[in-house]
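In what follows, a single structure is set out as C-alpha cells and then discussed.
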Amino acid sequence: MTLHVLSLQELKIDNEEDVVLVRRAVRLLAEARSFDSFTTAALTTAVTELSRNVWVHAQRGRALIEEVTDGVRTGIRAEFHDEGPGIPDLDWALTDGHSTAASLGLGLSGTRRLVDEFHIESQPGQGTLVRITKWKRF
C-alpha cells in the first residue's frame, strides 16, 4: 500500500528541553486525531525514549513527526536522525534488557514493542536513523 503524508513537523533535538517538545508534539497530534489513551501513551513513551537517545548519544539531531494514511488507517510516524557515533552492534542494541545512559530503561527493544512498525539504520561514525509508526486503533 502507498503511504500518504497528511501533515509534517520537523523538530530539532539540540538540548534536553527539545526531548520534551518532541514528546508534547506527538502527544498533541495523537490526542487531536482521537487516538485512544493506550496508543497515545505507547507512542509518546517510544518517542521520548528515541528523542532522549538522540540527545544523550549524539547531542543533536532532528525528529520528523508525520500524520500518515495508507488509505485505510491513520497513523503517526516519527523519524529520528542524528550524526552521532552510531551503533556498532545493532543486534546487541536490540537485545531485551539492553539500555544505556539515563534512559527510561526501555532500550531499543522495548521501544520496538511499543509501536506497530520499527526500522533502524546505523553505521559507526555516521549516525543513526530510527523510524517508528503507530496506527490508530479502531
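Coordinate-derived values only; no laboratory data. Nothing here was measured: the structure is a model prediction, and the numbers come from that model. Note: ideal-geometry Cβ built from the backbone for every residue, glycine included; neighbour counts use all protein chains shown.
Data overview
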read-out: Nitroxide proxy distance, nm - points 7 Å out along Cα→Cβ at E117 and R137; value: 2.0 nm
read-out: Neighbour net charge for G125 - beta-carbon separation under 15 angstrom, K R +1, D E -1; value: -4
read-out: Förster radius 22 Å - calculated FRET efficiency between L8 and E83 (Cβ-Cβ, nearest 0.05); value: 0.60
read-out: Rg followed by Dmax, in Å, when the chain is reduced to its Cα trace; value: 14.2, 42
read-out: Value of [θ]222 nm, deg cm²/dmol, for the chain, DSSP H segments ≥ 4, -39500 (n - 2.57) each, nearest 500; value: -11500 deg cm²/dmol
read-out: Positive-end residue of V68, V56, I13, charge dipole of the chain with Cβ unit charges; value: V68
